[in-house]
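Undergrad: Pasting a structure here, questions to come.
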Amino acid sequence: MSYKKSIAYSLKFLGVAFLILSLTGCPNRPGQITYSVKRISDGDTLAVTDSKGENFTVRFACIDAPEVPHSQKEKQSTKLVDKNQFKWGVKAQGRVQQLVKQGDRVTLTLTDTDRYGRKIGEVRLADNVFIQEVLVREGLALVNRPYLKNCPSAAIVEQAEAEAKKARRGIWSDRTFVAPWEYRRTK
């Protein structure tokens, strides 16, 4: 076989292999289980389904996003602290909705269960993007320091927050913003 034919054959083989991998996809990491996203509840909570069809709620580990309004009363509130909290909460929720759509598959690293029965976990997209890191880096969520001991990627989110704070991104540009845990304490 000539050198040119050998190159052409190799290129065809690589093209076919690439096409097959593109169509079938590759797992995030060998042995990792993926979950189907059913709903984005807010800026730090997803509803997912496992391979057995079991549904459960996942609260994002490591971070706390601003609150979204849940009731009609909250939606109609004229209090500045409510309006500010909900403005940032809706932005965080919208960003999660941009990153992951209903039916998308995510990989979870589950770390705990909270008092409401929600699983706590780190959430990564099919391309291995770490959702919590994106939200914190863009100033749409804060590191939840009291719970970092259960966060395998603590250093990543802390670094992302330091960068967002320094660049005054998102909530870091808003002098009137109240941290979500402080906001909930007043309710």
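None of the figures in this text is laboratory data; all of them are computed from the coordinates on show. Just so it is clear, the structure is predicted and the values come from calculations on it, not from any experiment. Every residue, glycine among them, receives a Cβ derived from its backbone with ideal geometry; neighbour counts consider all protein chains shown.
Undergrad: Could the peptides 97-105, 132-140, 65-73 be put in order, highest first, of the mean number of other beta-carbon atoms found within 10 Å of their residues?
TA: Values: 97-105: 13.1, 132-140: 23.0, 65-73: 16.7.
The peptides rank, most packed first, as 132-140, 65-73, 97-105.
Undergrad: Related question: About its Cα centre, how strong a charge dipole does the stretch 31-185 have in debye, to the nearest 20, once Lys and Arg get +1 and Asp and Glu get -1 at the Cβ? Spell out each step's value before the answer.
TA: On the way: 27 positive and 20 negative charges, 90 e Å.
Charge dipole, the stretch 31-185, about its Cα centre: 440 debye, nearest 20.
Undergrad: Separate question: Based on the mean of other beta carbon atoms within 10 Å per residue, what is the order of 116-122, 179-185, 48-54, most packed first? The partial results should precede the final answer.
TA: Numbers: 116-122: 17.3, 179-185: 14.4, 48-54: 11.3.
Descending packing order for the listed peptides: 116-122, 179-185, 48-54.
Undergrad: Under the Karplus relation 6.51 cos²θ - 1.76 cosθ + 1.60, θ = phi - 60°, what is the ordered set of whole-Hz ³J(HN,Hα) values for the stretch 124-134, x standing for Gly and Pro?
TA: Values per residue, Gly and Pro as x: 10, 7, 4, 8, 6, 5, 8, 4, 4, 4, 4 Hz.
Undergrad: Quick one: 3J(HN,Hα) in Hz for the stretch 61-74, Karplus 6.51/-1.76/1.60 with θ = phi - 60°, rounded, Gly and Pro as x.
TA: 5, 6, 10, 9, 9, x, 6, 10, x, 9, 9, 4, 4, 5
Undergrad: Take the Cα atoms of the stretch 39-107, build their convex hull, and give its volume per residue in Å³.
TA: Numbers: hull volume 6.4 nm³, N = 69.
So the per-residue Cα hull volume is 93 Å³.
Undergrad: Follow-up question, since we're still on this one. Obtain the nm distance between the two label points defined at K165 and K149 by a simple spin-label model: each point lies 7 Å from its Cα along the Cα-to-C-beta direction.
TA: 2.1 nm
Undergrad: Once the other residues with Cβ under 10 Å from the Cβ of Q159 are scored (Lys, Arg +1; Asp, Glu -1), what is the net sum? All intermediate terms of the calculation are to be shown ahead of the outcome.
TA: Numbers: positive: R137; negative: E133, E158, E161, E163.
Within the 10 Å Cβ shell, the charges total -3.
Undergrad: Separate question: Report the normalised scattering of the stretch 129-187 as log10 I(q)/I(0) at q = 0.13, 0.24 Å⁻¹, calculated by the Debye formula with identical scatterers on the alpha carbons.
TA: Taken in order of the listed q values, log10 I(q)/I(0) reads -0.33, -1.00.
Undergrad: Next up: Taking 0.36 nm per residue of separation and subtracting the Cα-Cα distance, what length does fully extending T113 through I33 add? Please report the intermediate quantities before stating the final value.
TA: Values: separation 80, 0.36 × 80 = 28.80 nm, distance 1.81 nm.
Gain on stretching T113 to I33: 27.0 nm.
Undergrad: Just to check I understand the Karplus step: with θ = phi - 60° and J = 6.51 cos²θ - 1.76 cosθ + 1.60, what whole-Hz values come out for the stretch 156-167, glycine and proline as x?
TA: Computed from phi, the couplings for the stretch 156-167 are 5, 6, 5, 5, 4, 5, 4, 5, 5, 5, 4, 7 Hz.
Undergrad: Measuring from label point to label point, each 7 Å out along Cα→Cβ, what is the W181 to Q98 span in nm?
TA: Between W181 and Q98, the label points sit 2.7 nm apart.
Undergrad: Around S41, which amide H atoms from residues at least 5 apart in sequence, or from another chain, sit under 5 Å from its own amide H, with H modelled in the peptide plane?
TA: L46, A47
Undergrad: What is the distance, in nm, between label points placed 7 Å from the Cα along the Cα-to-Cβ direction at Q72 and at K87?
TA: Label-label distance for Q72 and K87, simple model: 2.6 nm.
Undergrad: Kindly identify the stretch 83-187 as rounded, prolate or oblate by the Cα gyration tensor criterion: order the square roots of the eigenvalues as a ≥ b ≥ c, call it rounded if a/c is under 1.5, otherwise compare a/b with b/c, prolate if a/b is larger, else oblate.
TA: Numbers: a/c = 1.41, a/b = 1.28, b/c = 1.09.
Here the stretch 83-187 falls in the rounded category.
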